[in-house]
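Taking it in order: structure first as structure tokens, then the write-up.
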Amino acid sequence: MKIIQLSVFAENKPGHIVAPCRLLAAAGVNIRALCLADTQRFGILRIIVRDWRAAAKLLEEAGFLVKPTEVLAIEVPDRPGGLARVLEALEGTSINIEYMYAFPFGRGEKAVLIFRFNDPDAALEKLQSAGIGMLAREELWE
């Protein structure tokens, strides 16, 4: 299923990423997944939280630039070949992976892959038809 990830933009300087994390922590917001990417001038903190609307509002009110983005959360076996199976399901299509990141998952020997696709609807349809397991937002907190 499609879920919403928040991209929080910050200057690429020492200490600038602590402020949004501290703000969310003080408000009791648990970050379930995150990825930090950088360019020479700025960084992008990509996060998944339970209530993305409340987190976005909190961050924006504190002056952060926040962009909600649709991503897919894909559950795979946490063993060699889990990612390859997902990628193989997309072979021969025009679906492009813009970025992805992964984290271990607390349901047995599973991992979660977070993907940003150029066409999330087409990716969702293709992956589901290949029998690839998707996670709904609520399942990330089980």
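For first residues located in region 61-72 and without any contact (Cβ under 8 Å) to a residue 60 or more places away in the chain, partners that are hydrophobic (A, V, I, L, M, F, W, C) and lie 6+ apart or on another chain with Cβ distances below 6 Å form the pairs A62/L23; F64/V8; L65/F9.
Given the structure, is A10 assigned to a strand (DSSP E or B) and farther than 30 Å from G133 by Cα? Spell out the reasoning first.
Working: assigned to a strand (DSSP E or B): yes; farther than 30 Å from G133 by Cα: yes.
Answer is yes for this residue.
Filtering region 96-108 to residues that are touching a strand residue (DSSP E or B) at 6+ places or on another chain (Cβ under 6 Å) and either at positive phi or touching a residue at least 24 places away in the same chain (Cβ under 8 Å) (or both) leaves Y99, Y101, F103, P104, F105. Of all residues in region 13-58, those satisfying the criterion of being modelled with pLDDT of 90 or more, of a type outside the set (V, I, T) and part of a strand (DSSP E or B) are R32, A33, L34, C35, L36, L45, R46. The set of residues from region 123-138 being free of Cβ contacts under 8 Å to residues at least 60 places away in the same chain and either part of a loop (DSSP other than H, G, I, E, B) or surrounded by 12 or more Cβ atoms within 10 Å (Cβ to Cβ) (or both) comprises A123, E125, K126, L127, Q128, A130, G131, I132, G133.
Taken over region 1-41, residues that are hydrophobic (A, V, I, L, M, F, W, C) and either closer than 17 Å to Y99 by Cα or in contact (Cβ under 8 Å) with a residue 60 or more places away in the chain (or both) amount to 11. Among what's in region 11-26 and is in contact with a strand residue (DSSP E or B) (Cβ under 7 Å, 6 or more places away or on another chain) and more than 18 Å from W52 (Cβ to Cβ), pick the residue that is surrounded by the most Cβ atoms within 10 Å (Cβ to Cβ). Here the residue is I17.
The values are calculated or read from the model by the stated rules, or taken from the named source; none is laboratory data. All values reported here derive from a predicted model rather than from experimental measurement. Methodologically, a virtual Cβ is constructed for each residue, glycine included, from the backbone with ideal geometry; neighbour enumeration extends over all protein chains shown.
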